[in-house]
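The values are calculated or read from the model by the stated rules, or taken from the named source; none is laboratory data. Since the model is a prediction, treat every value here as computed from it, not as a measurement. Counting neighbours? That spans all protein chains shown, and the Cβs are built from the backbone with ideal geometry, glycine included.
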Amino acid sequence: MPSSKKEALFIASLIALWYSSNIGVLLLNKFLLSNYGFRFPIFLTMCHMSACAILSYLSIVFLKIVPLQVVKSRPQLLKIATLSVVFCGSVVGGNISLRYLPVSFNQAVGATTPFFTAVFAYLMTFKREAWVTYAALVPVVVGVIFASGGEPGFHLFGFIMCISATAARAFKSVLQGILLSSEGEKLNSMNLLLFMSPIAVLVLSPAALIMEPNVLDVTLELGRKHKYMWLLLLLNSTMAYSANLTNFLVTKHTSALTLQVLGNAKGAVAVVISIFIFRNPVTFVGIAGYSMTVLGVVAYGEAKRRFR
């Protein structure tokens with residue numbers, strides 16, 4: 001087989017694995033938190049972070065997927081710890097929202113990340129974009145307003161947690177650019193995950209025991225009742241790491257524009273699959289609102305690329 005065909009097959013396989021990992025962990029989170037009786041989003045996030053810590057170490061130290069970078073100073077470690085706490089907040093908030101909201105609506109709200117990123121970038125770094133770029137964000141916000149009004153399963157607390165998680169995710173990306181901006185402190189995403197994950201576990205463990213005090217008893221009881229409980233939890237946690245790894249590899253082997261297009265399509269695919277699996281009702285207004293948001297995100301990405 002010619003090398004070009006091998007490379008194309010390799011990239012296609014990476015993208016398929018990236019899609020299946022991202023969508024798989026999202027759907028399994030929803031299934032565990034809403035349909036399975038496992039109502040512990042903080043503990044679930046801790047399981048994800050534990051898997052990321054172990055698998056990151058194995059992948060980097062033994063499999064050498066990327067060169068191991070080192071933390072060079074205490075200030076750099078404090079910066080990583082700050083990012084880890086913000087990252088925990090975004091993931092926990094997203095998981096809590098899945099207890100109350102359909103995956104389709106969760107993805108619609110999550111698509112507003114570029115809006116929050118632009119706001120935080122302006123407030124924290126005074127970075128301004130062309131007016132056309134900001135104008136493209138209007139349908140992003142308007143689309144979510146329409147989607148909220150047309151969502152039969154709308155839940156106010158779930159919506160607040162989802163929008164907070166989306167804002168925290170955007171805040172983390174801007175903060176990362178500020179804190180780890182110097183050449184000596186920059187870390188690639190896999191090494192950053194390696195250092196953030198153990199800190200996240202240390203933060204989430206006491207939080208889970210305090211805020212979800214019966215988590216161990218209920219988890220053990222569910223494990224006795226459902227023979228696939230532990231397998232689902234292990235698969236879910238492994239997928240959480242796989243989503244990060246494949247995102248890094250797809251970024252490495254494709255262009256920024258390709259990644260943006262694939263990312264937008266991934267959200268739409270997740271919405272369609274979730275509707276088929278969970279059978280949650282959708283309305284024309286909700287679909288129209290989500291479509292408007294996605295088109296706004298596409299227009300924002302294109303405007304940002306052209307008017308950089």
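A quick yes/no check of all residues on (1) of a type in the set (V, I, T); (2) touching a Gly at 6+ places or on another chain (Cβ under 7 Å):
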| residue | (1), (2) |
| --- | --- |
| V269 | yes, no |
| I277 | yes, no |
| G286 | no, yes |
| G296 | no, yes |
| E302 | no, no |
| R306 | no, no |
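Take the conditions among the aromatic types (F, W, Y), outside any loop (DSSP other than H, G, I, E, B) and farther than 24 Å from H48 by Cα and apply them to Y300. Does it pass? Don't jump to the end; show me each part of the working.
Numbers: among the aromatic types (F, W, Y): yes; outside any loop (DSSP other than H, G, I, E, B): yes; farther than 24 Å from H48 by Cα: yes.
Here the answer is yes, as Y300 does meet what is asked.
Total residues in region 32-53 satisfying the condition of being among the hydrophobic types (A, V, I, L, M, F, W, C), more than 13 Å from L245 (Cα to Cα) and modelled with pLDDT of 95 or more: the figure is 7.
The helices (runs of 4 or more DSSP H) found wholly in region 31-149 and carrying at least 2 residues that are in contact (Cβ under 8 Å) with a residue 12 or more places away in the chain, under 30 Å from A303 (Cα atoms) and within 16 Å of the chain's Cα centre (by Cα) occupy 74-100, 103-110, 113-125. Could you tell me whether any residue of region 177-188 is among the hydroxyl-bearing types (S, T, Y) and over 18 Å from the mean Cα position of the chain (by Cα)? Within region 177-188, one or more residues are among the hydroxyl-bearing types (S, T, Y) and over 18 Å from the mean Cα position of the chain (by Cα). Being part of a helix (DSSP H, G or I) and not hydrophobic (A, V, I, L, M, F, W, C) holds for only one residue in P206, P213, and it is P206.
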